[in-house]
1. Here are some conditions: (1) part of a loop (DSSP other than H, G, I, E, B); (2) of a type in the set (Ser, Thr, Tyr); (3) more than 21 Å from residue 447 (Cβ to Cβ). Residue 128 meets all but one. Which one does it not meet?
2. Read through the list (1) out of contact with any Lys or Arg (no Cβ under 9 Å at 6 or more places or on another chain); (2) part of a loop (DSSP other than H, G, I, E, B), then give the number of the only condition that residue 214 fails.
3. Testing residue 115 on (1) surrounded by fewer than 21 Cβ atoms within 10 Å (Cβ to Cβ); (2) among the acidic types (Asp, Glu); (3) assigned to a helix (DSSP H, G or I), one condition comes back false. Which one is that?
4. Which of the residues spanning the range 252-265 are in a helix (DSSP H, G or I) and surrounded by 21 or more Cβ atoms within 10 Å (Cβ to Cβ)?
5. It is to be established whether one or more residues within the range 102-114 are under 30 Å from residue 604 (Cα atoms) and not assigned by TED's automatic domain parsing to the domain that holds residue 681.
6. Which strands (runs of 3 or more DSSP E) sit wholly inside the range 307-362 and have at least 1 residues that are touching a Lys or Arg at 6+ places or on another chain (Cβ under 6 Å)?
7. Go through the range 459-470 and give me each residue that's among the small types (Gly, Ala, Ser), surrounded by fewer than 21 Cβ atoms within 10 Å (Cβ to Cβ) and modelled with pLDDT of 95 or more.
8. I need the full set of residues from the range 392-420 which are charged (D, E, K, R) and either under 18 Å from the mean Cα position of the chain (by Cα) or crowded, with 24+ Cβ neighbours inside 10 Å (or both), in order please.
Amino acid sequence: MLGIVAGPAAVAGLRANDLIVRINNDDVDTARAYAIIGAALPGDRLVLEVIRDNEPMTMTMTVDSIEHWLPPSNFPSAVPFTATGLSEPPVPLVQTMPKILGVAPQVEPIITRIDGMFVDLARDDTGYHKLPLIRAAMLDPTGMNRWRNDLAETLRPFELERGAVVDVMCDTLALVCLGHAQPSTSDPVSLQQFANAISDANNQVRTLFHSASIDRGLAHADLHYLMRTTAADRTLIGQPEAHRGIHAMQLTMRVDLAVLLDTARRIVTNTAQLPEISGANRQPPAELAGIVEGSIVDYIKIDDSYAVIGGAEANRYDMNKLYAVIDAGGNDSYQWGDAVSLETQTIIDLDGDDTYRAKAGGPGAGWLGVAVLIDRAGNDQYSSKLGGCGAGVLGFGFLFDDSGNDTYRCAAWSSGSAIYGGGALVDQGEQTDVYASQVFSQAVGGPRGMGILIDAGGGDVYRANGAARSAYNTPGSFMAFSQGVGVGIRPYDFGGVGVLLDFGGDDRYDGGEFAQGGGYLWGVGILRDESGNDLYYGDRYAQGFAAHQAFGMLTDISGDDIYWAKSAATQGAAWDQSIAVLFDAEGDDVYRAHSLSQGAAAQQSHALLHDVAGDDWYWSSARDTQGAAGGNNYHFLAEDPIYSLGVLLDERGEDRYSTGVDNGETLLRRRANSKNGRGVAGLVVDLP
């Protein structure tokens, strides 16, 4: 056995490197084993006699139908290339690099050939959840600059209409939406009208899942397993219950996300028309005992639960049992357990230093439904262990915090993250905020997901560096997949889109492996910091990275910044038919990295570190860096060679390089007689 992804053999306990010697008492070689398995029917039991590490053992495998085990990556694209509306012919990569070709024209044939490879990848229609945006990135990488800038203007927090986030998700996820969000009004409504809108939205969610023959409770449990397992090990390979995760992925192909996003639009619009908070405070009635503690102004039943208007004192709310809370003030406490999430949930807290705590499914988390949380004032504390703090899980979740020094301690698949849906965390205050996570958090788009994290300003801290164990079992390192990352679950499903936008302040980004503007397995990840003297600290694959047919970009518009990477493949680093960019517009910057970094590519990829202005210092402990190209053995064909292109472009300033490049020098790092094109096209261009 060379390897096992998932299936009855894995369930039976078979592992890579096992030697099968008998099946049902029949001695077998490879051909005989295939014949016996091929003749079996679903439900048949096969007794395998196996040698593992020189020890004999016996295990029983129950044959199953392959349809039960096929993940979305095996199906044709839901949005085929011909339906994406992408321009034909595509914009050739060679036309977007005039500054490079002007000083190094000899790399033009290499660029042209790798451009053709990316066009072929973009046109490939394998993968049910493949998004048009990753195809667009491969057809026109420079166009991603425009997309990023347009997105930043649309989502600029100081003028942000909350419904604009819904519209962005609709367009990015390539959904046929039922209507874009309309500008909201602030005219008051009655509590009954407010409740009616929620009831209608609840019914829309129930009807959607009923028509897809999906039990929300069972789907909730399988999605919980999928996220919990990937948060620990990034994949399902080798997991005894892998079928649960595959089953959850298969369910997503039956759900029309456009309907759920329309529900989200309804809920967001409903939050702008609040009932008047008037009347004397009173104790909750008997039917709310244990659900609400403190004083309330009013309440109303919605379906089989309630909406509550809380008074200005400190209250406690059990959010597993409330469809809506409008709270006038006070230092309130909102709590979620790990029960199946309600179809929709709405929270509007007008004032106070509030605490939001969840085991899973909150705060502001839409699991198989929609959730919207708006906190207008106060220094607030948010925490969630799984899928919270503005998260979407086969649904859409939104967390808007309008002001205050806030702390978000949200561990996994949280803080503006999504898997099969959309999640947004929007902090519109310009105070200092703390974002502390572990893995798959802080603007992460999992399969068919878009994760958004927006911070208006302030000296913020972003940390996603522990305690998920290293993807490479490296002591002292931790897996992150955080801070503007689009990520797939390899090899089961392709990635989505993660976007982190910070609009000001001296910020610190502390990330583990796979962090800070990156794409993984057909994902797109963007981190854009608009101003401030920022510190970026990362581990392997960080600071503008991409791996496995993906696109990643880190952009810093201004400030004297420090980029510090602990390990390899960082600071504009691409691996395996991918495109990665680190773009710094201005400032005196310091880059510190290790191998395959600072504009380095391998396995038929393209990487760029582009620094426009400033006196910069590039340091690395390795030689294969600062405009470097690694090996290409993954897909190399001697009769039709495709090489990797790694470029470091520095336009202005007095610069220093640890690899010996002089200021104002152009250097083509070109190795001769390389059997797989290793080192053929690495380029440093320092313009005076």
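1. It is condition (3) that residue 128 fails.
2. Checking residue 214 against (1) out of contact with any Lys or Arg (no Cβ under 9 Å at 6 or more places or on another chain); (2) part of a loop (DSSP other than H, G, I, E, B), the one that fails is (1).
3. (1)
4. Here is the first cut: in the range 252-265, the ones in a helix (DSSP H, G or I) are 252, 257-265.
Those that are in a helix (DSSP H, G or I) and surrounded by 21 or more Cβ atoms within 10 Å (Cβ to Cβ): 252, 257, 260, 261, 262, 263, 264, 265.
5. Pass one, the range 102-114, residues under 30 Å from residue 604 (Cα atoms): 102-114.
Next, from what is left, pick out any that are not assigned by TED's automatic domain parsing to the domain that holds residue 681: none.
For the range 102-114, residues under 30 Å from residue 604 (Cα atoms) and not assigned by TED's automatic domain parsing to the domain that holds residue 681: absent.
6. Once the strands (runs of 3 or more DSSP E) in the range 307-362 are filtered for at least 1 residues that are touching a Lys or Arg at 6+ places or on another chain (Cβ under 6 Å), what remains is 333-336.
7. Within the range 459-470, 459, 470 meet the criteria.
8. From the range 392-420, those charged (D, E, K, R) are 401-402, 406, 409; that's our starting set.
Within the range 392-420, 401, 406, 409 meet the criteria.
The values are calculated or read from the model by the stated rules, or taken from the named source; none is laboratory data. Keep in mind that what you see is a predicted model, and the values were worked out from it rather than measured. Glycine gets a Cβ as well: all are built from the backbone with ideal geometry, and neighbour counts include every protein chain shown.
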